[in-house]
1. Could you list, ordered by first residue, the pairs with Cβ atoms under 7 Å in which the first is in segment 281-295 and among the basic types (K, R) and the second is assigned to a helix (DSSP H, G or I), at least 6 apart or interchain?
2. Taking the options T194, T183, T172, name whichever one is within 19 Å of D77 (Cα to Cα) and of a type in the set (S, T, N, Q).
3. Being within 26 Å of I414 (Cβ to Cβ), touching an Asp or Glu at 6+ places or on another chain (Cβ under 9 Å) and of a type in the set (S, T, N, Q) narrows it down to one residue among S141, S129; which is it?
4. Identify, by number, the condition in (1) touching a helix residue (DSSP H, G or I) at 6+ places or on another chain (Cβ under 6 Å); (2) open to solvent by less than 50 Å² (accessible area, probe 1.4 Å); (3) farther than 26 Å from A197 by Cα that F459 doesn't meet.
5. Among the residues of segment 302-325, how many are in a helix (DSSP H, G or I), open to solvent by less than 50 Å² (accessible area, probe 1.4 Å) and modelled with pLDDT of 85 or more?
6. Here's a check for you: in segment 67-92, which residue that is farther than 19 Å from A251 by Cα and open to solvent by 60 Å² or more (accessible area, probe 1.4 Å) is modelled with the highest pLDDT?
7. Among the residues of segment 200-213, what is the count of those that are touching an Asp or Glu at 6+ places or on another chain (Cβ under 8 Å) and surrounded by 24 or more Cβ atoms within 10 Å (Cβ to Cβ)?
8. Residue by residue through segment 448-473, note down the ones that are of a type in the set (A, V, I, L, M) and assigned to a loop (DSSP other than H, G, I, E, B).
Amino acid sequence: MSAETDAPISGPAPTRGTNHPSLDCPKPSTAERRPRAQSPLDRTSRTAGRKRVPAALRDRVPAAVRKRVPAILHRRDFRRFWVGQSVSLIGDEVHRIAMPLAAVKLFHAGPTAMSWLTAAPMIPALLLSIPAGIWVDRRRSRRRIMLAADLGRFLAVLSVPVAYAFGVLTLTQLIVAELVVGTLAVLFSISDNTLFAAMVPKQDLMEASSLNNGSRAFASVSGPSIGGLAVQFLTAPFALVADAASYIASAVSLSRISPVEPEPAPRTKSNYLVGLQWIARTPGIRALSAAVATVNFFDFIFQALFILYVTDYLHLNAGLLGVVLGAGAIGGLVGAALTRRVVARIGIGTAMTVGFLGFAAPHVLVVLAGGPKLLVILTLFAYEFLSGLGVMVLDVTANAYLTAVMPDDIRSRISGVLQTINYGIRPLGALSGGVLAVAVGMRGSLWISTIGASCSVLFLLPSPLRKLRELPG
């Protein structure tokens, strides 16, 4: 939901029904529904080449350790997928540092060029998410789409250090590479929602969502450090090799799984409206979409002004600011670990509501920060930690809820609409931040953004979500 994490309605993880088979038992293919006798040759060919862990080796792992491993990680497909995506998320954090530094250090890019470089990967999410959702729903294998997207992003990112090595790298190439990466990320994210639902039974959705968001929080802690060191010792373009390699890790994990995916959706004249119509007539999703749009709009007003306010008004240098920002990732790790317990105690709907408020309300600490520098640092640290914890509770619960209720046959089309809502509102909020700062000043703008983001919870209070104890069946 925040600038540092994927929102629940994005397909961070994020970015996940009324008329579809239970997630406990994924829809089988026609061949699987028709039982047939197996010959010894069939059984042998299906097991050939699989490496089995000897029982003696398995027995060496203490039972206490095995019990502490989340149940969902005992599922081979999900475990392989999760490992690959965890590595890829770290690569994303390296990319987030290395690409802008390449533009600044090599080409002395100014504000206009940097704005284009920043906007390039976001433009496809705004323009292509809905048609991409329609196209993905018609495909038989979403896994292959994700695999192709990983390989395409690998080539796009790798083109930067290769061009740099041959002395032909340009700022235009950086922007085009970001545009390609953003376009393929849309296809990957929308396909991911369907694949995730195919791999995870309903009773494990909370656990799987916690693991995914925990990986994202861990990447936010470790990725910037890895990226900073890589840029320092290898230069920014060559640091991107680590990001390119992470896409290969993701592609390898995808090539080694085989979940049973839903059948392709039939072609209909109302394709473009199906996802939007379903959201409009589903009260819980309608309320969640409105709340997400509101909190993202006002939060990006805040994010557009935060760095400037902290450095110019609170007089923090870059080193201290980096330490403060790391607190958000630590809060995210804590949130990922605690969310299941919170849901078990107060229910998923209340936890989601608390997540919205827990993410938005701590913004007030930035507005109130002042006094001795140590007090300012501690106040900002508390803001980042509490907000990171709150957004993780929100992301885990919202992703699990979305995965449980979205119908399989239009899942990608719904994801496309939700991703448009989620990402389309962000640049509007950021631009509004600049306008507000001129009209009412920095401090007044931060107050408006804090109050507005906190009011997002009002959409959930009258909705069925607030009283929801467990995920729908």
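1. R286/I279; R286/A280
2. Details: T183 fails: within 19 Å of D77 (Cα to Cα); T172 fails: within 19 Å of D77 (Cα to Cα).
Of T194, T183, T172, the one residue that is within 19 Å of D77 (Cα to Cα) and of a type in the set (S, T, N, Q) is T194.
3. The unique qualifying residue is S141.
4. Among (1) touching a helix residue (DSSP H, G or I) at 6+ places or on another chain (Cβ under 6 Å); (2) open to solvent by less than 50 Å² (accessible area, probe 1.4 Å); (3) farther than 26 Å from A197 by Cα, F459 violates only (2).
5. Number of matching residues: 1.
6. Among those that are farther than 19 Å from A251 by Cα and open to solvent by 60 Å² or more (accessible area, probe 1.4 Å), it is H74.
7. Within segment 200-213, the first condition is being touching an Asp or Glu at 6+ places or on another chain (Cβ under 8 Å), and the residues that meet it are 201-203, 209, 213.
Next cut, surrounded by 24 or more Cβ atoms within 10 Å (Cβ to Cβ) only: 209, 213.
Residues in segment 200-213 being touching an Asp or Glu at 6+ places or on another chain (Cβ under 8 Å) and surrounded by 24 or more Cβ atoms within 10 Å (Cβ to Cβ): 2 in total.
8. L460, L461, L468, L471
The values are calculated or read from the model by the stated rules, or taken from the named source; none is laboratory data. Treat the numbers as computed from the prediction; the structure is a model and nothing was measured. Cβ sites come from the backbone with ideal geometry, for glycine too, and all protein chains shown count toward neighbours. Remember, those area values only see protein heavy atoms, side chains included, never the ligands or the DNA or RNA. Shrake-Rupley method; radii C 1.70, N 1.55, O 1.52, S 1.80 Å.
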